[in-house]
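Please read the structure below before turning to the comments.
The values are calculated or read from the model by the stated rules, or taken from the named source; none is laboratory data. These numbers were taken from a predicted model, which means no experiment stands behind them. With ideal geometry, Cβ positions are generated from the backbone for all residues, glycine too; neighbour counts draw on all protein chains shown. In case anyone asks, the SASA skips ligands and DNA or RNA and just uses the protein heavy atoms, side chains included. Shrake-Rupley method; radii C 1.70, N 1.55, O 1.52, S 1.80 Å.
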Amino acid sequence: MSKVVKFGGSSLASAEQFRKVGAIIRADKSRRYVVPSAPGKRNSEDTKVTDMLYACYALAEAGKPFETELAAIKARYDEIVSGLSLNLSLDEEFKTISVQFQGKAGADYAASRGEYLNGIVMAAYLGYTFLDAAEVVFFDEEGNFLADKTDEVLSVRVKELGNVVLPGFYGAKENGVIKTFSRGGSDITGSILAKAVHADIYENWTDVSGVLVADPHIIENPVAITTITYKELRELSYMGATVLHEDAIFPVRKSGIPINIRNTNRPEDPGTMIVESTCKQPEFTITGVAGKKGFVSINVEKDMMNSEVGFGRKVLEAFEQNGIPFEHMPSGIDTLSVFVHRPEFEGKEQAILSALHRLAKPDSIEIDADVALVAVVGRGMKSNRGVAARTLASLAHQNINIKMIDQGSSELNIIIGVANEDFDNAIRAIYEIFVSTRL
Ligand code: ASP
């Protein structure tokens, strides 16, 4: 049995957090492969080391003094090293970083040092072997991740080394230049490593007890989902629920490795299992509810629309010509509505409207610029009667007007359009009926 364990920035923000992480790893011998992020915030006013590094490097690049800022970063690590009573000095490492900054080694190099240094500290603390990601995670010259080459090299190297700490977030191009993934990319490194070592499970340790049924900013203490499929997670994250970097799913999903989201501050909680498929029914009929504000619906009306071959294509062409992707497109007998993101649409509004007139020759076009979308997601919907009825009734009880309903043909979601000001209440109403009262 082997596990890859990735720890997020808040799990490694201080010596105290490191100790919790150490206890978690030592509690289970199969936790042999560790992927750390850079130290995150110690409290809400704090700054993540990654952000400190970007800011410090911006000074270096502008030819301004950056010593004070670099010393503040070093202080973050020194605090951890001394808090853990480690016999480790990062002085030489920081000298190299300073020289590299002066030589304008690039923002990616700068940001990657957060994980690099934390990896060194973590390896010293655990007695594991440190493996620099620059030696085993590869990108091409354009900066595209090279999955096959990485998998080949990484699997061989790790086998030789035994228990390993591999810093997250970065790798290197063939010429040795450091390249990072996008922000939050340590999740991706964990997933790549899990695939390379054929791990039985990829544990992703963070500061929440899993994927939550609803947004904790709207619902107080929402429950965590015990098991969710990759498809459901995709639906929820598309609608704004963020737990994991999107690109972290692909490597493990392809190899059938489940991801377990866990809470470093509450290791006794089982967290959420993210799996390819499961026979387990969701605890609450629905798996989760999420959503986003700020949509516009463009309602195009034309008599006998249904018999006009190519009408839908012409409508969508107006959006395509202006480079605007559409989110949803529910249709009626003589109407077709296109939902787009408001910020994207606003600048191109008139160009799109005139293209719609020119291409589709509609009878009328109506715009509703006050739409929030709420997605009720769950594999359980397929086999449960009345999910839509309960959802809609819960909204009616709260006097929430429904502007649109769209059930995906996979029966994995129901998407409901409401006014922006009704958004929070809509989420509350749906949570209440399915989770609090377990209807
Ligand atoms: N430290 C990086 C960031 O802040 C990567 C990560 O934490 O996953 O985005």
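Numbers for the structure displayed
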quantity: For region 72-172, size of Cβ-based charge dipole, Lys and Arg +1, Asp and Glu -1, in debye; calculated: 340
quantity: Amide H contacts under 5 Å for Gly288, placed H, 5+ residues apart; calculated: Val377
quantity: Other-chain or far-sequence residues with amide H under 5 Å of Asn204's (modelled H); calculated: Lys6, Asn260, Ile261, Arg262
quantity: Viscosity 1.306 mPa s, temperature 10 °C, Stokes-Einstein D of region 93-144 from Kirkwood C-alpha radius, µm²/s; calculated: 128
quantity: Signed unit charges on C-beta, dipole axis of the chain, positive-most listed residue Ile24, Leu412, Ser307; calculated: Ile24
quantity: Residue-by-residue Karplus 3J(HN,Hα) for region 264-280, coefficients 6.51, -1.76, 1.60, Hz, glycine and proline x; calculated: 4, 7, 9, x, 6, 6, x, x, 10, 8, 9, 10, 5, 8, 7, 8, 6
quantity: Pairs from Lys95/Lys173; Lys20/Lys195; Lys104/Lys348; Lys3/Lys41; Lys179/Lys292 whose Cα-Cα separation, in the structure shown, is over 29 Å; calculated: Lys104/Lys348; Lys179/Lys292
quantity: Efficiency of FRET between Leu161 and Thr242 - r from beta-carbon atoms, R0 30 angstrom, step 0.05; calculated: 0.40
quantity: Solvent-accessible area, 1.4 Å probe, carbon plus sulfur percent, for region 354-439; calculated: 46
quantity: Point-to-point label distance, Leu392-Ile333, nm (Cα→Cβ direction, 7 Å offset); calculated: 1.8
quantity: Cα-based equivalent ellipsoid, the chain: semi-axes from gyration tensor eigenvalues, Å; calculated: 44, 27, 20
quantity: Per-residue HN-Hα couplings for region 7-16 [Karplus 6.51, -1.76, 1.60; θ = phi - 60°; Hz; x = Gly/Pro]; calculated: 10, x, x, 6, 6, 10, 6, 8, 4, 4
quantity: Helix axis angle, 91-102 relative to the chain longest principal axis, alpha carbon, degrees; calculated: 50
quantity: Taking only Cα atoms of region 322-417, radius of gyration then Dmax in Å; calculated: 15.8, 45
quantity: Top positive-direction residue, dipole computed over the chain with Cβ charges, set Gly106, Gly127, Leu193; calculated: Gly127
quantity: Alpha-carbon Rg/Rh ratio, for region 5-52, with Rh computed the Kirkwood way; calculated: 1.03
quantity: Whole-percent carbon and sulfur share, accessible surface of region 1-98, 1.4 Å; calculated: 50
quantity: Rg in Å to one decimal, and Dmax rounded to a whole Å, for region 154-197 via C-alpha atoms; calculated: 11.1, 30
quantity: Crossing angle, helix 107-126 versus the chain [Cα axis fit, 0-90 degrees, rounded to tens]; calculated: 60
quantity: Linear extension gain, Ser409 paired with Asn43, 0.36 nm per residue minus alpha-carbon span; calculated: 127.4 nm
quantity: Accessible surface, per residue, of region 241-382 when the full set of protein chains is kept, probe 1.4 Å, Å²; calculated: 48
quantity: Between region 370-429 and region 48-104, the alpha-carbon center distance in angstrom; calculated: 49
quantity: Residue among Gly176, Gly106, Gly417 with the largest mean-square fluctuation in a Gaussian network model of the chain, springs linking Cα atoms under 10 Å; calculated: Gly176
quantity: Dipole in debye (nearest 20) - the chain, about Cα centre, beta carbon charges: Lys, Arg +1; Asp, Glu -1; calculated: 1160
